[in-house]
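Engineer: Just dropping this structure here.
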Amino acid sequence: MASVAHGQTRWQLATGYRADSFHTQNIAAFASDVEQATNAALRIEVRPNNSLFKLADIRQAVQDGKVQAGESIMAGMVTEIPVAGADSIPFVVDSYDSARRFWSFQRPLIEKQFAARGLKPLFAVPWPPQGLFTTFPVRSRADFKGSRMRTYNQTTVRLAQMLDATPVDVPMVEVNKALADRKIDSMITSAVTGVENRVWDRASFYYGINAWFPKNIVYVNVNAFDALAPAVREAVLQAAARAEVRGWTMSEAAAAESLLELERHGTKVGRAPAEFEAELKRLGEKFSREWVQTVGNDANTILVPYYFKR
Ligand code: PCA
């Protein structure tokens, strides 16, 4: 797919999120940085909204060389790369600062897992903290029994099960329709995802449970990367480092703005009842134990320094 004309290389970068998502805007800025820094020796065309490959298939497509670069949500890779789910363990990371520290311990393991698959990570950017949207006021976990909870990864599936709700897998770009069609009654996601999907017509409540900060990662097929001239490679890495810093700032800004936007549209934003929150934390701990058991030693490689190294 990479075509070279007059010394110009073209890459496509596949993502499952909309063009106007802050993640995608950050990627577009990365692409334009690269084009500028290389005098258009490398042009990266961003293909948003599952248009080239579906979100869940992007990593494999990049690995197979069907497209040069892609973006995926890390926790969506857990079947193949369990350690990619580390950032979706509930109630471990509770701020952007701790998410940064966490990533510094998770990153080397991700680099290694990606390298083993012929992939090179470029940068990772978190979603704002995951909160709880509901169409009903929450008093206790009993309110979820028999309801339908939207899920997007294994953590959200497991939490739905623990709450005796039915997990319903809905891609991010279809959340609005799933709510309108009454296919879901609640979901755990970020406020910004709620805004992007204009969920306020049905989701009247947003509880800021601050459950985890999942990250999207942008990466490239190693063969495509190695085929670049050394100076172009260097430009890509520098633009990637800048994109990571910029993306984290954009995420934090989006987190604050979208809470206000939800309120402006009438969604009630607040804390969950204390007892329910404590219950959620217990379920989160149960999830952590299950996760550490499945992942084994790699889990300790992240969690031990995260908790004990300052
Ligand atoms: N939005 C994405 C992933 C996490 C988030 O905040 C989604 O809901 O699918």
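The values are calculated or read from the model by the stated rules, or taken from the named source; none is laboratory data. Computed from a prediction, not measured in an experiment: that's the story for all the values here. Glycine also receives a Cβ, built like all others from the backbone with ideal geometry; neighbour counts cover every protein chain displayed. Surface accessibility is based on the protein's heavy atoms, side chains included, excluding ligands, DNA and RNA. Shrake-Rupley method; radii C 1.70, N 1.55, O 1.52, S 1.80 Å.
Engineer: Does the stretch 221-242 contain any residue that is at pLDDT 95 or above, closer than 24 Å to LYS145 by Cβ and away from the ligand (no atom under 15 Å from the Cβ)?
Structural biologist: The answer is no, given that none of the residues of the stretch 221-242 is at pLDDT 95 or above, closer than 24 Å to LYS145 by Cβ and away from the ligand (no atom under 15 Å from the Cβ).
Engineer: When LEU260 is evaluated against the numbered criteria (1) under 22 Å from PRO137 (Cα atoms); (2) within 20 Å of the chain's Cα centre (by Cα); (3) open to solvent by 80 Å² or more (accessible area, probe 1.4 Å), which criterion, by number, is the only one it fails?
Structural biologist: Evaluating LEU260 over (1) under 22 Å from PRO137 (Cα atoms); (2) within 20 Å of the chain's Cα centre (by Cα); (3) open to solvent by 80 Å² or more (accessible area, probe 1.4 Å) leaves (2) as the failure.
Engineer: Is it the case that GLN60 is within 16 Å of the ligand (Cβ to nearest atom), open to solvent by 30 Å² or more (accessible area, probe 1.4 Å), not in a loop (DSSP other than H, G, I, E, B) and not acidic (Asp, Glu)?
Structural biologist: Considered against the rule, which asks whether it is within 16 Å of the ligand (Cβ to nearest atom), open to solvent by 30 Å² or more (accessible area, probe 1.4 Å), not in a loop (DSSP other than H, G, I, E, B) and not acidic (Asp, Glu), GLN60 comes out as no.
Engineer: Turning to a different aspect of this structure: Within the stretch 264-310, track down each residue that is open to solvent by 100 Å² or more (accessible area, probe 1.4 Å) and either over 23 Å from GLU111 (Cβ atoms) or hydrophobic (A, V, I, L, M, F, W, C) (or both). Please lay out each step first, then the result.
Structural biologist: Step one: filter the stretch 264-310 for residues open to solvent by 100 Å² or more (accessible area, probe 1.4 Å), giving 264, 268, 271, 275, 282, 285, 289, 293-294, 297, 307-310.
Within the stretch 264-310, ARG264, LYS268, ARG271, GLU275, ARG282, GLU285, ARG289, GLN293, PHE308, ARG310 meet the criteria.
Engineer: From the set of residues in the stretch 221-256 that are among the charged types (D, E, K, R) and without any contact (Cβ under 8 Å) to a residue 12 or more places away in the chain, which is least open to solvent (accessible area, probe 1.4 Å)? Break it down into steps so the answer makes sense when it comes.
Structural biologist: Of the residues in the stretch 221-256, the ones among the charged types (D, E, K, R) are 226, 233-234, 242, 244, 246, 252.
Next, only the ones that are without any contact (Cβ under 8 Å) to a residue 12 or more places away in the chain stay: 226, 233-234.
Numbers: ASP226: 89, ARG233: 72, GLU234: 91 Å².
Applying the filter and picking the extreme gives ARG233.
Engineer: Could you list all residues from the stretch 94-128 that are among the aliphatic types (A, V, I, L, M), more than 14 Å from the chain's Cα centre (by Cα) and not in a helix (DSSP H, G or I)?
Structural biologist: Passing the criteria: ALA116, LEU119, LEU122.
Engineer: Looking at the stretch 17-37, which of its residues are among the β-branched types (Val, Ile, Thr) and surrounded by fewer than 22 Cβ atoms within 10 Å (Cβ to Cβ)?
Structural biologist: THR24
Engineer: Acidic (Asp, Glu) and within 23 Å of GLN161 (Cα to Cα): does that describe ASP226?
Structural biologist: For ASP226, the condition - acidic (Asp, Glu) and within 23 Å of GLN161 (Cα to Cα) - is not met.
Engineer: Can you tell me which residue in the stretch 29-57 is nearest to TRP103 (Cα to Cα), limited to those that are assigned to a helix (DSSP H, G or I) and polar (S, T, N, Q)?
Structural biologist: Restricting to residues being assigned to a helix (DSSP H, G or I) and polar (S, T, N, Q), the top hit is SER32.
Engineer: Let me ask something else about it. Just to be sure before I move on: is SER98 open to solvent by 10 Å² or more (accessible area, probe 1.4 Å) and out of contact with any Lys or Arg (no Cβ under 6 Å at 6 or more places or on another chain) in the structure I sent?
Structural biologist: Answer is yes for this residue.
Engineer: Turning to a different aspect of this structure: Condition first: under 25 Å from MET162 (Cα atoms), out of contact with any strand residue (DSSP E or B) (no Cβ under 7 Å at 6 or more places or on another chain), of a type outside the set (Ser, Thr, Tyr) and modelled with pLDDT of 95 or more. Can you find one or more residues in the stretch 247-258 that meet it? Before you say what the answer is, go through the steps one by one.
Structural biologist: Filtering the stretch 247-258 down to residues under 25 Å from MET162 (Cα atoms) leaves none.
No, the stretch 247-258 contains no residue that is under 25 Å from MET162 (Cα atoms), out of contact with any strand residue (DSSP E or B) (no Cβ under 7 Å at 6 or more places or on another chain), of a type outside the set (Ser, Thr, Tyr) and modelled with pLDDT of 95 or more.
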